[in-house]
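Enquirer: The structure is given below, and queries will be raised subsequently.
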There are 6 protein chains.
Amino acid sequence: MLLENLTWPEVKNLKVSEKIVVFPLGSFEQHGHHLPLTTDTDIVTAVARAVESSRQDKILCLPTLWPGHSTHHLFFPGTLSVSQMPYIELVRNLCRSIAKMGASKVFLLNGHGGNDVPLRAVVRELKSEFPKLTVVFASYWSLASDSIKATRESELGGLGHACEMETSLMLHLHPEKVKMNLARRDGPKHEDQYRKSDMQYGRPIYFVNEFHEVSETGTIGHPDLASAEKGKTFFDGITRDVLKFVDEFATW
Amino acid sequence: MLLENLTWPEVKNLKVSEKIVVFPLGSFEQHGHHLPLTTDTDIVTAVARAVESSRQDKILCLPTLWPGHSTHHLFFPGTLSVSQMPYIELVRNLCRSIAKMGASKVFLLNGHGGNDVPLRAVVRELKSEFPKLTVVFASYWSLASDSIKATRESELGGLGHACEMETSLMLHLHPEKVKMNLARRDGPKHEDQYRKSDMQYGRPIYFVNEFHEVSETGTIGHPDLASAEKGKTFFDGITRDVLKFVDEFATW
Amino acid sequence: MLLENLTWPEVKNLKVSEKIVVFPLGSFEQHGHHLPLTTDTDIVTAVARAVESSRQDKILCLPTLWPGHSTHHLFFPGTLSVSQMPYIELVRNLCRSIAKMGASKVFLLNGHGGNDVPLRAVVRELKSEFPKLTVVFASYWSLASDSIKATRESELGGLGHACEMETSLMLHLHPEKVKMNLARRDGPKHEDQYRKSDMQYGRPIYFVNEFHEVSETGTIGHPDLASAEKGKTFFDGITRDVLKFVDEFATW
Amino acid sequence: MLLENLTWPEVKNLKVSEKIVVFPLGSFEQHGHHLPLTTDTDIVTAVARAVESSRQDKILCLPTLWPGHSTHHLFFPGTLSVSQMPYIELVRNLCRSIAKMGASKVFLLNGHGGNDVPLRAVVRELKSEFPKLTVVFASYWSLASDSIKATRESELGGLGHACEMETSLMLHLHPEKVKMNLARRDGPKHEDQYRKSDMQYGRPIYFVNEFHEVSETGTIGHPDLASAEKGKTFFDGITRDVLKFVDEFATW
Amino acid sequence: MLLENLTWPEVKNLKVSEKIVVFPLGSFEQHGHHLPLTTDTDIVTAVARAVESSRQDKILCLPTLWPGHSTHHLFFPGTLSVSQMPYIELVRNLCRSIAKMGASKVFLLNGHGGNDVPLRAVVRELKSEFPKLTVVFASYWSLASDSIKATRESELGGLGHACEMETSLMLHLHPEKVKMNLARRDGPKHEDQYRKSDMQYGRPIYFVNEFHEVSETGTIGHPDLASAEKGKTFFDGITRDVLKFVDEFATW
Amino acid sequence: MLLENLTWPEVKNLKVSEKIVVFPLGSFEQHGHHLPLTTDTDIVTAVARAVESSRQDKILCLPTLWPGHSTHHLFFPGTLSVSQMPYIELVRNLCRSIAKMGASKVFLLNGHGGNDVPLRAVVRELKSEFPKLTVVFASYWSLASDSIKATRESELGGLGHACEMETSLMLHLHPEKVKMNLARRDGPKHEDQYRKSDMQYGRPIYFVNEFHEVSETGTIGHPDLASAEKGKTFFDGITRDVLKFVDEFATW
């Protein structure tokens, strides 16, 4: 069920407490020379809706929150960011409305790396405020890491931002928004284990680089390896893996 | 220009400082038995885009902020609200990103009554933080009060929430989302000058009612008077009046 | 009843829950070359006390809060301002004390334009914290707009700050504090519908000018048209209109 | 000079940087069965004005801030309190306005015990924000401890709240506000060195009692020993001692 | 160099900007029936000091911050926790002092899982405030994951809290503090990929359990497999791996 | 009982509600040329533990909080300070954990002058949050003022920071940490009653000096008069006087 299609009496009749409330979290930020500012929002929305349409009875899907925490992208114009602390407060507030609807299970489905830390912080705050509410946070690439690994062609370093995967997904979902001829490899040069950079490589340390410190184009990774077909494979794998979690979550 | 269609280098080339940055502000809240939760967001988005498409060279239009301040609607499930103080902080943060892009003129185009007070508060905060940035706030019904008055059929009391105007606008813009058979007149009963209620009546006093204290259905006003044709007349008048302001603002 | 004349056992015996608690809100800020810093506080105090003395049994009148939100006047020395957010918190705190006394009806009677937005924000916060407490906010010039319109001689543009009305009121109430020979017309020059400026003209848009950006003297309006007799007419009209509301409020 | 009598151009001509800006800080709270809610504000205002009138050239005296931090009195109706943290923010804000006027020396002259801790906190915050501004805080009874000791008749325990001194001062300053026949001795019973209670006894420990936990009437001390003549002696001593400090401060 | 052994002139002579400032972050919380409340602080302090003593010229080591974010342990008495938001503010404040000393590289060496999210949030805040300061966060078990994997005997599920590793480390470092006879296996029962629990298993999702919801004893993992010798192997591996990072960090 | 030696089941068995919970509060800041950064923490820890070891059945002693409010020392490198407002929040948070353990009496035993104001503020906040919890704050030198007076040799001016007393105490407790040859008299030069400076002289006014404004070495007072024997006399007196209070507190 998409919440946005309903009236309030219809929501009232839904038995929200028996649904998994899926809240997709995107961003609005630079995505290199070739992808639009909406990339993360576009992708996470598509994933959420594909999942919702497969489990309409189980899921109540919220509209995607397009403002994200993108402070590290602010050097590149077009980025609209909410700083970390007010972003935590924003999502916490919206989740209070969800709790008030009677929800028992909330799934924060994330589509933007910068949201990771503040959304984990939100989960802790909500646990204190609503001890009985189960709030689960996941980024789609974490749930789908195996299928992504199976699909990517690039070595470590190829998946980051406006990269092989994001570009492929956009070629699959919104080809008209991709300026493929402007796609360029870019990103941090360091290859040591502490600084090498890839969505699927978990650094043993954590630090923050502003994007313009490590990328001239705003891209990190290998968008040149992207294709629409690969995008379909990524998308199908991601959707399947998110669905798998939703089905499991429904049994908790 | 719609910001969401651009890449960051395209934004960089725009000369944002010479544009009017239009930021449409909506909400996600109950709209009676017959209108969807997205009503305010749908309408303000349509207005903003109509205006943008007439002045593409002058305007940089942001995506509509669908989370609004709707605490007074929270009794009705489906409403997603950001409380007043974090809403102020949210919009302030997003406007910082706009300022960072080099904007000189920002137009906060509002589509939801509950946003009125916190957005005025935002304007004050931004003035202190960015003394050179001109930020103007207006709700579309304030800019278009004459044309709305000319179009409405209802007496005072007919325009409020999910009312003659909003229902007509939705019948014009998104007829498939309107359950016209469920539309019912509702709203506060008091007729004294201090409490009578209408979008076009400026009460001499200010107080807050939670919506469920004054309306059983969530509606305030006379949606039964709505029609698609009237919606078109409203919409054309509103668009023209907002455009008129934009053209004036461009000369400041 | 003036709260300041009582001891706590006398307050306890009052049945505060049956009174209208009137809280006058002033400011301490520049008022041009000819009026004192206390102008808004002086006027709203006089109004509140006139009203209280006519309805001693119905009203419990608090001392006037002289610190106001006057950030837009800070360029002119002598102004003592509380920024918007701490001002909201201040009034909210004081209203908590009122709620603790057992009040059921609070009337925030405002005498300073800069307090308008933050006081509306306070009303919302108090509604959430004390759902049963009725808090009404009004500026005296809103309640008395008709009688003010009938009395003023100036065209639109004449009523603003240290203007025809405020100067007249001070000539009536505190003639010794007025340096009439220094009174000068001043204020914004723009005559378009969006920017023309008058206390009785509701602009369709909202923006913030620091006062020194639009007035050299700190005055906006036509103080040269002021007189003590006119001040008496203004004052009597305002008092009558505020009383009319109080009598109505008592019946809610 | 009393700031409240001036216009902004007069303030501008004052050379505020060469003045001692005196900011009297009062409260609005229960003072037993026999004294009015304004007691602390009345007394500190009288002291400040006596001092100002003796050193008009040296002093710029602000209006007394009547809202104080009186949370410990809230059980007794009539009390209007600002909680500790927003009180700190309030005074800090007002002092920013003073700094903006160009002040170099600010004297926070306190008349209410409950303000002591938050005002010291304010001094620290101001030092960080305005390193060159000298802000001195003192309660009048600290500056005048010797003369108070010489005047009081009560043993330790007699001076607290609505006590021998405060009642005497009010009999001297505002006899019409004192209901002497209702004055009763009251206050904590403990006589050990850690808990015995007197304005002139510095406990080696600090703890907070709500007033109703230690006094039935709201009084702490011996108001029965009060007289108007004693009030004059207290007042003259206090004024002299505060003046002495002001003269010294002027040389720093 | 241990900061705590120095006087300020000695710090001044150190050239802090050429050091790696190591800030060990511990906690004070329940560690099952057999380990003391200081466990995390004891271990991270021992690691930090071992590392410092091997690189005295390169490192300036701060005292361990024993208050940690342990809200999820508060059900078990003895736990002293700082909530997430004030914990972020606390560490941020202390890092401001480090920045003021002239540091260029700060290493937040963490010893408590609950600190992970708020410390990552701190890193982001510090990057905005001190763009030139390099702040790296790492938990010791992340830096040493390979050597830990090589040493542990337990399957997934054995390493969590008061577990095989922590108990072994304490048996090695502070055997007198371990009540080995009270050590019991405990922890969540779920074995699905989303909920299985181990320090070395990265769940694809994130959620918060209060510890008492998943463990009766406060232990998660297999402390019964612990031994002092194993503790030495763990410790030497951890120390070596942290040193390896420090040496690398020194070259950045 | 030292909390740090316990497991949580041992804490549970303690009957915390019947104990006095002693929370020692130190700092980490410059102490002149001759004393280490840990001086305040070292001293207050030694006092707390001596007291605890004499009353093991009555006392539950927490670890010393080494981060203190030392903003006034930040000019001198090595100082690690928490600003006033977050320090209040920090201690408040930790005391919430104490309240959750079931405590009825908390003794905040302070060893650093800069903590005085914020800790008093904490006491007020805790009283509002936990009306039944008795929280007492005292600095050791206040409880022991008579014995300190009897032991010191210096005139007023000799006791301040890194002074006769603190240096003597460190010579007694940690002689290896004292560089006695570098001890120098230093401190403010003013001798007027408002500014003369000594731990045992209560100024009638309050203001803040950054330490570097009044001391070149960071010392205030006469460390040259220090000796280990005098340190023992100070320490025994302090311990006895703190114990005396603890015994009294136990009877409340």
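The values are calculated or read from the model by the stated rules, or taken from the named source; none is laboratory data. Keep in mind it's a predicted model, so treat the numbers as computed, not measured. Every residue, glycine among them, receives a Cβ derived from its backbone with ideal geometry; neighbour counts consider all protein chains shown. Ligands, DNA and RNA are excluded from the accessible area calculation, which covers all protein heavy atoms including side chains. Shrake-Rupley method; radii C 1.70, N 1.55, O 1.52, S 1.80 Å.
Enquirer: Of A:L94, A:L108, A:V82, which is farthest along the charge dipole of the stretch A:69-157 in the positive direction, counting Lys and Arg as +1 and Asp and Glu as -1 at C-beta?
Expert: Farthest along the dipole direction, towards plus: A:L94.
Enquirer: Pairs of Cα atoms under 8 Å, at least six residues apart: use those to get the relative contact order of chain C, whole percent.
Expert: It rounds to 23 percent for chain C.
Enquirer: Out of residues 5 or more away from E:S81 or on other chains, whose amide H comes under 5 Å of its own, with H placed 1.01 Å from N in the peptide plane?
Expert: Residues meeting the criterion, in which the H sits 1.01 Å from N, are F:S97.
Enquirer: Report the residue, chosen from D:P204, D:P131, D:P86, that carries the largest GNM mean-square fluctuation when chain D is represented by alpha-carbon nodes joined by springs under 10 Å.
Expert: D:P204
Enquirer: So what J values fall out for the stretch C:13-23 if you push phi through Karplus, 6.51 cos²θ - 1.76 cosθ + 1.60 with θ = phi - 60°, rounded to Hz, Gly and Pro as x?
Expert: 7, 6, 6, 4, 5, 9, 9, 8, 8, 9, 10
Enquirer: I'm checking a number: the convex hull volume of the Cα atoms of chain E, normalised per residue, in Å³. What is it?
Expert: Given the Cα convex hull of chain E, per-residue volume reads 123 Å³.
Enquirer: To continue, here is another question. By DSSP, what percent of the beta bridges with both residues in the protein assembly as shown are antiparallel, rounded to the nearest 5?
Expert: Looking only at bridges with both residues in the protein assembly as shown, the antiparallel portion is about 20 percent.
Enquirer: Just to confirm the number: angle between the C-alpha axis of helix B:116-129 and the first principal axis of chain B, 0 to 90 degrees, nearest 10?
Expert: 20 degrees
Enquirer: Now for a different question. When the dipole is taken about the Cα centre of chain F, and only Lys, Arg (+1) and Asp, Glu (-1) are charged at their Cβ, what size is it in debye, to the nearest 20?
Expert: Once rounded to the nearest 20, the dipole reads 800 debye.
Enquirer: Enter the Cα centre distance for the pair the stretch C:186-229 and the stretch B:144-183, rounded to the nearest angstrom.
Expert: Cα centroid of the stretch C:186-229 versus Cα centroid of the stretch B:144-183: 35 Å apart.
Enquirer: OK, next. Using the alpha-carbon atoms, what tilt in degrees (0 to 90, nearest 10) does helix E:228-250 show relative to the longest principal axis of chain E?
Expert: 30 degrees
Enquirer: I would also like to ask the following. From Cα coordinates alone, what are the radius of gyration and Dmax values for the stretch C:71-150 in angstrom?
Expert: 14.4, 42
Enquirer: To continue, here is another question. Counting only other chains, what is the mean number of Cβ atoms within 10 angstrom of the Cβ of each residue in peptide A:240-252?
Expert: Per residue, the average neighbour count from other chains is 2.
Enquirer: Of the residues B:S227, B:S83, B:S139, which exhibits the maximal mean-square fluctuation in a Gaussian network model of chain B defined by a 10 Å Cα contact cut-off?
Expert: Among B:S227, B:S83, B:S139, the largest GNM mean-square fluctuation belongs to B:S83.
Enquirer: Leaving out ligands, DNA and RNA, what percent of the accessible area of the stretch E:146-200 is carbon and sulfur, probe 1.4 Å?
Expert: Carbon plus sulfur share of accessible area: 48 percent.
Enquirer: Another question, then. What does DSSP give for the stretch A:27-175 in terms of the percent of beta bridges that are antiparallel, rounded to the nearest 5?
Expert: If we restrict to bridges inside the stretch A:27-175, about 10 percent are antiparallel.
Enquirer: Compare E:L2, F:L156 by solvent-accessible area with a 1.4 Å probe and give them largest first, with all protein chains kept in place.
Expert: Largest to smallest exposure gives the sequence F:L156, E:L2.
Enquirer: Among chain C residues, which Cβ is nearest the axis of the C-onto-D rotation, and at how many Å?
Expert: Closest to the rotation axis on chain C: C:L90, 3.
Enquirer: In square angstrom and rounded to 100, what buried accessible area do you get between chains D and C, total over both, with the probe at 1.4 Å?
Expert: By this definition, chains D and C bury close to 3700 Å².
Enquirer: Explain nothing, just the number: dipole magnitude of the stretch A:1-42 about its Cα centre with +1 on each Lys and Arg Cβ and -1 on each Asp and Glu Cβ, in debye rounded to the nearest 20.
Expert: 260 debye
Enquirer: Just the Kirkwood number for the stretch B:1-139, please: inverse of mean 1/r across all distinct Cα pairs, in Å, one decimal.
Expert: 15.3 Å
Enquirer: To continue, here is another question. With a bin width of 10 angstrom, please list the P(r) values of the protein assembly as shown as percents of all Cα-Cα pairs, from the 0 bin to the one holding the largest distance.
Expert: 1, 7, 14, 19, 20, 18, 13, 7, 1, 0
Enquirer: With angles folded into 0 to 90 degrees, how steeply does helix A:164-173 sit against the dominant principal axis of chain A? Use alpha carbons for both and round to 10.
Expert: The helix A:164-173 is inclined about 60 degrees to chain A.
Enquirer: While we're here: Using a 1.4 angstrom probe on the protein heavy atoms only, could you order A:R195, A:R96 from most to least accessible area?
Expert: A:R96, A:R195
Enquirer: Next question, about the same structure. Taking each residue in C:109-116, count the Cβ atoms of any other chain within 10 Å of its Cβ, then average. What number comes out?
Expert: Rounded to a whole number, the mean comes out at 1.
Enquirer: Taking loop as defined by DSSP and a crowding limit of 14 other beta carbons within 10 Å, which GluC sites (Glu not before Pro) in the stretch D:112-166 fit?
Expert: Those that pass, being in a loop and sparsely packed, are D:E153, D:E155.
Enquirer: Right, something else. Tell me, what is the percent relative contact order of the stretch C:143-211, built from C-alpha pairs under 8 Å that lie six or more residues apart?
Expert: Relative contact order of the stretch C:143-211: 33 percent.
Enquirer: As an exercise, find the ratio Rg/Rh for the stretch C:167-218 from alpha-carbon atoms, using the Kirkwood inverse-distance average for Rh.
Expert: So for the stretch C:167-218, dividing Rg by the Kirkwood Rh gives 1.06.
Enquirer: How big is the charge dipole of the stretch C:162-251 about its Cα centre, in debye rounded to the nearest 20, if each Lys and Arg gets +1 on its Cβ and each Asp and Glu gets -1 on its Cβ?
Expert: With only Lys, Arg, Asp and Glu charged at Cβ, the dipole is about 100 debye.
Enquirer: A further question follows. Can you give the calculated 222 nm mean residue ellipticity of chain B, where each DSSP H run of n ≥ 4 adds -39,500 (n - 2.57) and the sum is split over every residue, rounded to the nearest 500 deg cm²/dmol?
Expert: Mean residue ellipticity at 222 nm (helix-derived): -12000 deg cm²/dmol.
Enquirer: Quick one: check the C-alpha center-to-center distance for the stretch F:1-75 versus the stretch B:1-35, whole angstrom.
Expert: So the two Cα centres are separated by 56 Å.
Enquirer: Sticking with this one: Is the shape of the stretch A:168-252 best called rounded, prolate or oblate, per the rule: a/c under 1.5 gives rounded, else a/b larger than b/c gives prolate, else oblate, with a ≥ b ≥ c the square roots of the Cα gyration tensor eigenvalues?
Expert: Verdict is oblate for the stretch A:168-252.
Enquirer: I would also like to ask the following. Amide H to amide H, which residues 5 or more places from F:L60 or on other chains are under 5 Å from it, using H placed in the peptide plane?
Expert: Residues meeting the criterion, in which the H sits 1.01 Å from N, are F:I20, F:V21, F:V22.
Enquirer: Which percent, nearest 5, of DSSP beta bridges in chain B are antiparallel?
Expert: 15 percent
Enquirer: Hey, another quick one. Identify which of A:L60, A:L90, A:L25 has the largest mean-square fluctuation in a Gaussian network model of chain A, with springs joining Cα atoms closer than 10 Å.
Expert: A:L90
Enquirer: Students often get this wrong: which residues of the stretch E:1-35 have the backbone nitrogen under 17 Å from the point 7 angstrom along Cα-to-C-beta of E:S54?
Expert: Residues E:1-2, E:20-24 fall inside that zone.
Enquirer: Would you please give the residues with an amide H less than 5 Å from that of B:R184, counting only those at least 5 places away or on a separate chain, with H modeled from the backbone geometry?
Expert: Hits under the 5 Å cutoff: B:H33.
Enquirer: Got the B:E176 label distances to the other copies yet, label 7 Å along Cα→Cβ, in nm, shortest first?
Expert: Reported distances to equivalent positions: 1.6, 7.7, 7.7, 7.7, 8.1 nm.
Enquirer: Leaving out ligands, DNA and RNA, what percent of the accessible area of the stretch F:62-117 is carbon and sulfur, probe 1.4 Å?
Expert: Looking at the stretch F:62-117 in its full context, I get 56 percent from C and S.
Enquirer: How much accessible surface does F:E18 have with a 1.4 Å probe, in Å² rounded to 10?
Expert: Using a 1.4 Å probe on the heavy atoms, I get roughly 130 Å².
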